[in-house]
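Peer 1: Here it is, the structure in full.
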Amino acid sequence: TLTSAMLHLEDEPVDLVLLDLNLKGEDGFDLIRDAMASSFLTIVVSANIDRALEAFELGVLDFVPKPVLKERLRTALERYYKNDRSSVITKYLSIKKDDHLQLCPIDNVLYFESDNNYITMHFQDQSVEKYRKTMESLLSILPSNYLRIHKSYIVGVHNIDHFRIRRGGKYEVVLVNQEILPVSRKLYRHVRDIFFQLKKDK
């Protein structure tokens with residue numbers, strides 16, 4: 001049941017959940033919304049293919065239709081192990097607020113900052129929220145235009161205004177709100193190239 005699944009996941013830390021949307025008549029989407037606020041990733045396995053887009057928008061890693069083909073399931077698991085983000089279309093992240101879940105549009109987030117076992121989401125309105133995922137698991141469900149620029153920061157390329165190089169060879173990005181974040185030396189060229197490619201494609 002939905003309740004027993006939620007209780008089990010609270011007591012037993014996991015990295016990946018394979019989820020059927022029909023949990024003895026209960027809606028597995030309630031678990032998906034909770035999963036987005038938790039530390040694990042989710043692959044949906046369901047005959048309800050009409051809800052695939054909704055699932056992807058809530059940040060599931062993949063949607064495997066029933067009846068399950070072995071090769072299709074293998075592809076989904078390979079996406080998990082290879083961190084393949086080519087088809088990710090997540091639009092919302094779910095955060096726990098007291099006794100309920102709140103869906104936050106990703107487009108409202110300026111950047112993500114690592115904070116021990118949590119991530120701090122910095123929003124355009126200058127508010128912040130805590131999100132319970134590692135940087136690696138978060139990055140796997142974010143669209144490909146979100147890049148890790150530093151061990152502590154993930155930024156949407158569209159939120160970058162320009163780059164600058166400080167004395168001593170320190171790299172930085174200036175965001176659209178003029179906030180400044182560090183860029184690691186080994187990631188600078190990659191982030192810069194994608195930024196200018198996206199500007200060229202506009």
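Peer 1: Using the structure shown, decide if LYS96 is in contact (Cβ under 8 Å) with a residue 24 or more places away in the chain and part of a loop (DSSP other than H, G, I, E, B).
Peer 2: no
Peer 1: When the residues of region 115-153 are filtered to those that are at pLDDT 90 or above and assigned to a loop (DSSP other than H, G, I, E, B), which remaining residue is surrounded by the most Cβ atoms within 10 Å (Cβ to Cβ)?
Peer 2: SER152
Peer 1: A follow-up question, please. Identify the residue in region 46-68 that is among the β-branched types (Val, Ile, Thr) and modelled with pLDDT under 90 and, among all such residues, is surrounded by the fewest Cβ atoms within 10 Å (Cβ to Cβ).
Peer 2: ILE49
Peer 1: Something else: Looking at region 194-202, is at least one residue over 30 Å from ASP62 (Cβ atoms) and surrounded by 14 or more Cβ atoms within 10 Å (Cβ to Cβ)?
Peer 2: no
Peer 1: Whether any residue in region 79-87 is outside the structural domain of ASN177 (by TED's automatic domain parsing), surrounded by fewer than 17 Cβ atoms within 10 Å (Cβ to Cβ), at pLDDT below 80 and under 21 Å from ALA47 (Cβ atoms) is what I want to check.
Peer 2: The answer is yes; a qualifying residue exists.
Peer 1: Then there's this: Those residues that are more than 19 Å from GLU26 (Cα to Cα) and under 16 Å from the mean Cα position of the chain (by Cα), I need them from region 45-71; list them, please.
Peer 2: Selection gives LEU53, PHE56, GLU57, GLY59, LEU61, ASP62.
Peer 1: Among the residues of region 157-195, which ones are in a helix (DSSP H, G or I) and acidic (Asp, Glu)?
Peer 2: Within region 157-195, ASP193 is the sole residue that qualifies.
Peer 1: Right, something else. Looking at (1) outside the structural domain of ILE32 (by TED's automatic domain parsing); (2) charged (D, E, K, R); (3) in contact (Cβ under 8 Å) with a residue 24 or more places away in the chain, find the lone condition where LYS130 falls short.
Peer 2: (1)
Peer 1: Considering only region 69-78, I want to know if a residue exists there that is of a type in the set (A, V, I, L, M, F, W, C), outside any strand (DSSP E or B), at negative phi and exposed (fewer than 13 other Cβ atoms within 10 Å of the Cβ).
Peer 2: yes
Peer 1: If LEU198 satisfies all but one of (1) part of a helix (DSSP H, G or I); (2) within 19 Å of the chain's Cα centre (by Cα); (3) without any contact (Cβ under 8 Å) to a residue 60 or more places away in the chain, what's the number of the condition it fails?
Peer 2: Just one mismatch for LEU198, condition (2).
The values are calculated or read from the model by the stated rules, or taken from the named source; none is laboratory data. Please read all numbers here as calculations on a predicted model, not as lab measurements. Every residue, glycine as well, gets a Cβ built from its backbone with ideal geometry; the counts of neighbours run over all protein chains shown.
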